[in-house]
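Student: First the structure, then my questions, so here it is.
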Amino acid sequence: MKKTEGKHFKKSFLAAAMLIGASTMIFQGFTQAAAMTENKKTNMVPTSYMNYTDYSSKTAQNNLPEGYKKANYTVGIIDLPYYKNQTPTEKDMSKEAAAELTAQYLWQVYGANLEGMTIEMGYNAPTDNTPRPMWTADVEMKDQGYIDGYRIDGYVVWIDSITGELYNIGLERTLKEKVPAAPDSSLNKKEYEAVAKELAEKYNIVHSPIQSIQCTGQGANFSTNTIGTYGDPVISFEVHGENGEVALMSISRYDKVLCGVVYNGQYKYDLLGIEKLEEEIREKYNEEKYNEPASADNKVPTLKGGQ
């Protein structure tokens, strides 16, 4: 792949895969990749959302996060063929307004300062998997060296292009030391569950008191130089709110940093997709099992005429 294509594919895949436990990797890890390669299957889905045609950067400024100051950043576009073929409608906010919301969300969750950075935007029309239009934001950070044992390489953010709702936010980083990426069977999951609950409450991930939280699996995030044996090991948790919302979050097993969150607006569709995929697998399995020829060990004896 070309350098730019490789960079953006890595980031787009990371935005999904970094947040996924073993039980959901089969679907969510490829949601964005599938959208890029199968854009011909895109379908428009009618909605009953409010009309946000007048949404602008000025609107986004009306409810600024505490301590936030607009940085002098540049708004660009994600240089991939898929995004070049996607055109926002009159109901969608502009890429500039979406970029400003991205900056505010990154400040709220990570305290990110985007001064002098470029926010690259890509529009996603509704699909069967995600029936809401989205803006995807890639932020590649300038190398500021290692701080607290890691270097921040960038961020990925997905937001609803009409309502501005945050769907997905993730941190891309490289650890200074080589940390094994393999799952740790001796890990104290209760310890990390407590950390996950604290972070979920701090950032109001399900917008209500937490009803339950459970581990979905371990994985790892990889930077360009660590793919394979070493990476940023993560553990993921599914968080359910008393209001019915559900979200997926991952924290680093290295230093308990919040690596990313898939919020209810996106994750509910991922769960539906997983259920659909599981049902297709079951049907395929049952079909193959039904049509499987009898082996010598399980042949059913039959009566022959004249005997």
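The values are calculated or read from the model by the stated rules, or taken from the named source; none is laboratory data. Computed from a predicted model, the values in this text were never measured in an experiment. Quick reminder, even Gly has a Cβ in these numbers, built from the backbone with ideal geometry, and neighbours come from all protein chains shown. To get the accessible areas, we keep the full protein, side chains included, count just its heavy atoms, and leave off ligands, DNA and RNA. Shrake-Rupley method; radii C 1.70, N 1.55, O 1.52, S 1.80 Å.
Student: How many nm is it between the label spots at Asn113 and Glu275, if each spot is 7 Å from the Cα in line with the beta carbon?
Tutor: The two pseudo-label positions are separated by 4.6 nm.
Student: Arrange the peptides 266-273, 232-239 so that the one whose residues have, on average, the most other Cβ atoms within 10 Å appears first.
Tutor: The packing order, highest mean first, is 232-239, 266-273.
Student: What's the carbon and sulfur percent of region 69-176's accessible surface, probe 1.4 angstrom, rounded to a whole number?
Tutor: Roughly 46 percent, rounded to a whole number.
Student: Please give me the summed charge of the neighbours of Ala220: other residues whose Cβ is under 10 Å from its Cβ, Lys and Arg +1, Asp and Glu -1. Before the final figure, lay out each step's value.
Tutor: Numbers: positive: Arg253; negative: Asp232.
Result for the neighbourhood of Ala220: 0.
Student: Ignoring ligands, DNA and RNA, how do Asp255, Asp153 rank by accessible area with a 1.4 Å probe, largest first? Please report the intermediate quantities before stating the final value.
Tutor: Working: Asp255 50, Asp153 30 Å².
I get Asp255, Asp153, largest accessible area first.
Student: Answer rounded, prolate or oblate for region 179-288, using the Cα gyration tensor with square roots of eigenvalues a ≥ b ≥ c: rounded when a/c is under 1.5, else prolate when a/b is larger than b/c, else oblate.
Tutor: Here region 179-288 falls in the oblate category.
Student: So which trypsin sites (Lys or Arg not before Pro) in region 76-158 are both in a DSSP loop and have at most 12 other Cβ atoms within 10 Å of their Cβ?
Tutor: Sparse-neighbourhood loop trypsin sites (Lys or Arg not before Pro): Lys142.
Student: Would you mind checking the pairs Lys189/Lys256; Lys84/Lys276; Lys70/Lys95 and listing those with alpha carbons more than 19 angstrom apart?
Tutor: As for pairs spanning more than 19 Å Cα to Cα, those are Lys84/Lys276.
Student: Take the Cβ-Cβ distance between Ile147 and Asn286 as r, set R0 to 51 Å, and report the resulting FRET efficiency rounded to the nearest 0.05. Write down the numbers at each step before the final one.
Tutor: On the way: r = 54 Å, r/R0 = 1.05.
Efficiency computed from Cβ-Cβ geometry: 0.45.
Student: What number comes out for accessible area per residue over region 69-176 if the probe is 1.4 Å? Units Å², please.
Tutor: It amounts to 39 Å² per residue over region 69-176.
Student: Okay, moving on. Whose amide H sits under 5 Å from the amide H of Thr216, counting only residues 5 or more places off or on another chain, with H placed in the peptide plane?
Tutor: Here Ser236, Phe237, Glu238 satisfy the definition.
Student: For Gln266, what is the net charge nearby, where nearby means another residue's Cβ is under 15 Å from its Cβ and Lys, Arg count +1, Asp, Glu -1?
Tutor: -4
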